[in-house]
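Worksheet for the structure shown next.
The values are calculated or read from the model by the stated rules, or taken from the named source; none is laboratory data. Keep in mind that what you see is a predicted model, and the values were worked out from it rather than measured. Counting neighbours? That spans all protein chains shown, and the Cβs are built from the backbone with ideal geometry, glycine included. Please note that ligands, DNA and RNA were not included when accessible areas were found on the heavy atoms of the full protein model with its side chains. Shrake-Rupley method; radii C 1.70, N 1.55, O 1.52, S 1.80 Å.
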Amino acid sequence: MIGTAVVFGIACLCVAMALNVYRLVVGPDAIDRVVALDTLYINAIVVLFLVGIHLDTQVFFEAALLIAMMGFVGTVAAAKYLRRGSIIE
């Protein structure tokens, strides 16, 4: 039963990720693209957690933590660039 729920969750998240990619490509402005990218990496983290649960291994949890750290830094850098025009002062 849990295996079916995990597979269904992964399928739903893959659909959500496809919609995020669409918004990332077609987005009307840069802010929408940054939000779509932020949501995309959050969905990727959840997919990695679900795959780790499904396969019963710890490797996917560590990969999800790395993506979370890089995604946070990337989101902060993109927001700073959109606000000021440069990342490093």
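On a 0 to 90 degree scale, rounded to 10, what angle separates helix 2-26 from the longest Cα axis of the chain?
Rounded to the nearest ten degrees, it is 20.
Computed over the Cα atoms of region 28-80, what is the convex hull's projected area averaged over all directions, in nm²?
The orientation-averaged projected area of the Cα hull of region 28-80 comes to 3.5 nm².
Report, in deg cm²/dmol and to the nearest 500, the calculated mean residue ellipticity at 222 nm for the chain, where each DSSP H run with n ≥ 4 adds -39500 (n - 2.57) and the sum is divided by the residue count.
Taken over the chain, the calculation gives -31000 deg cm²/dmol.
Could you give the size of the charge dipole of the chain about its Cα centre, using +1 on the Cβ of each K and R and -1 on the Cβ of each D and E, expressed in debye and rounded to the nearest 20?
Roughly 260 debye, rounded to the nearest 20.
What percentage of the solvent-accessible surface of the chain, computed with a 1.4 Å probe over protein heavy atoms, is contributed by carbon and sulfur atoms?
74 percent
Whole-Hz Karplus ³J(HN,Hα) for region 49-65, in order, using 6.51 cos²θ - 1.76 cosθ + 1.60 and θ = phi - 60°, x for Gly and Pro?
With the stated coefficients, region 49-65 comes to 4, 5, 5, x, 5, 5, 8, 6, 9, 8, 4, 5, 5, 5, 5, 5, 5 Hz.
Starting from the Cα of A16, step 7 Å along the direction of its Cβ; do the same at A63; then give the gap between the two resulting points in nm.
1.9 nm
What's the percent breakdown of Cα-Cα distances in the chain across 5 Å bins, shortest bin first?
Computed distribution, short to long bins: 3, 14, 19, 19, 18, 12, 8, 5, 2, 1, 0.
Over the chain, what is the mean sequence separation of C-alpha contacts under 8 Å (at least six apart), divided by residue count, expressed as relative contact order in percent?
26 percent
At 1.4 Å probe size, with every protein chain present, just tell me what the per residue accessible area of the chain comes to in Å².
Result: 70 Å² per residue.
Over region 6-54, what is the mean sequence separation of C-alpha contacts under 8 Å (at least six apart), divided by residue count, expressed as relative contact order in percent?
Contact order relative to length: 50 percent.
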